[in-house]
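A.B. asks: My questions all concern the structure below.
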Amino acid sequence: EKYGICEEDFLSAELSAVPVGNARDVGLDRSMICAYGHDDRVCAYPAMTAMFEALKMGTPHTMMCILADKEETGSDGNSGMQCDLILDLIDAIAESQKASPAAVRAASICLSADVSAAFDPNFGEAFEKRNSSLLSCGVVLTKYTGSRGKGGCSDASAEVMSRVALLLDGAGIAWQTGEYGKGDQGGAGTVAVEIAKFGIDVVDVGVPLLSMHAPSELAAKSDIYAMYGCCKAVFND
């Protein structure tokens, strides 16, 4: 009654029940943000902001920021990364420049911007501490994700890893490496595997989180800002 919704509206509505409450500062130094849905807003927003900044600076490169849906359920549907829409867009761009779409894809680089699992001492048995990312230590550059080791991943090339690492070092961006927990216990997937199918060099980069997929997730402010700097450095490369 309040919103004028009738029963038939629920047949087509996309409604979600989410925790009530605004994002809030956490920590004695207020260095962290606790909020619902950090995964993946803490990567999407910095990526968009960095692209807008690069546009203002007049970068000579063609830039794309794809906010893909359905990542958590397999990237299916015409709004997920398994859809050929991305190929259609690249084909159109290539045609406008009288270039080969395959050549455009081969000359492209992509950051698969998704969060990573930060080491949580409360559940230390699920991690390999020396191979896990930490809060407030910068963005996480991940060579491969997947489960049971590298199962279902894209596995970024050594050249792409080196290129992005050098870009981050040159821009003074804090970064680290990390995996998604123990080899046979942890694991996660991103859209990198879908992008790699197009022949595009791709690597996973993201913000480390505590309590990923929980009603409230925890991220460090410095890591979110580092993600912005990372995207900006790649856009301007």
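A.B. asks: Under the condition of being crowded, with 17+ Cβ neighbours inside 10 Å, out of contact with any Phe, Trp or Tyr (no Cβ under 6 Å at 6 or more places or on another chain) and not hydrophobic (A, V, I, L, M, F, W, C), which residue from region 1-56 is farthest from LEU209 (Cα to Cα)?
C.D. replies: Filtering region 1-56 for residues that are crowded, with 17+ Cβ neighbours inside 10 Å, out of contact with any Phe, Trp or Tyr (no Cβ under 6 Å at 6 or more places or on another chain) and not hydrophobic (A, V, I, L, M, F, W, C), the one farthest from LEU209 (Cα to Cα) comes out as ARG41.
A.B. asks: Looking at (1) under 19 Å from THR190 (Cα atoms); (2) modelled with pLDDT of 95 or more; (3) not in a strand (DSSP E or B), find the lone condition where ILE86 falls short.
C.D. replies: With respect to (1) under 19 Å from THR190 (Cα atoms); (2) modelled with pLDDT of 95 or more; (3) not in a strand (DSSP E or B), ILE86 is out only on (2).
A.B. asks: Quick test of your reading of the structure: GLU125 fulfils all but one of (1) open to solvent by 20 Å² or more (accessible area, probe 1.4 Å); (2) outside any loop (DSSP other than H, G, I, E, B); (3) out of contact with any Phe, Trp or Tyr (no Cβ under 8 Å at 6 or more places or on another chain); (4) within 26 Å of ALA50 (Cα to Cα). Name the failing condition by number.
C.D. replies: (4)
A.B. asks: Is it the case, given these coordinates, that LYS70 is of a type in the set (Lys, Arg), farther than 26 Å from SER162 by Cβ, within 17 Å of the chain's Cα centre (by Cα) and open to solvent by 50 Å² or more (accessible area, probe 1.4 Å)?
C.D. replies: yes
The values are calculated or read from the model by the stated rules, or taken from the named source; none is laboratory data. Keep in mind the model is a prediction, meaning the values are calculated, not measured. As a convention, Cβ positions derive from the backbone with ideal geometry for all residues, glycine included, and neighbour counts pool all protein chains shown. In case anyone asks, the SASA skips ligands and DNA or RNA and just uses the protein heavy atoms, side chains included. Shrake-Rupley method; radii C 1.70, N 1.55, O 1.52, S 1.80 Å.
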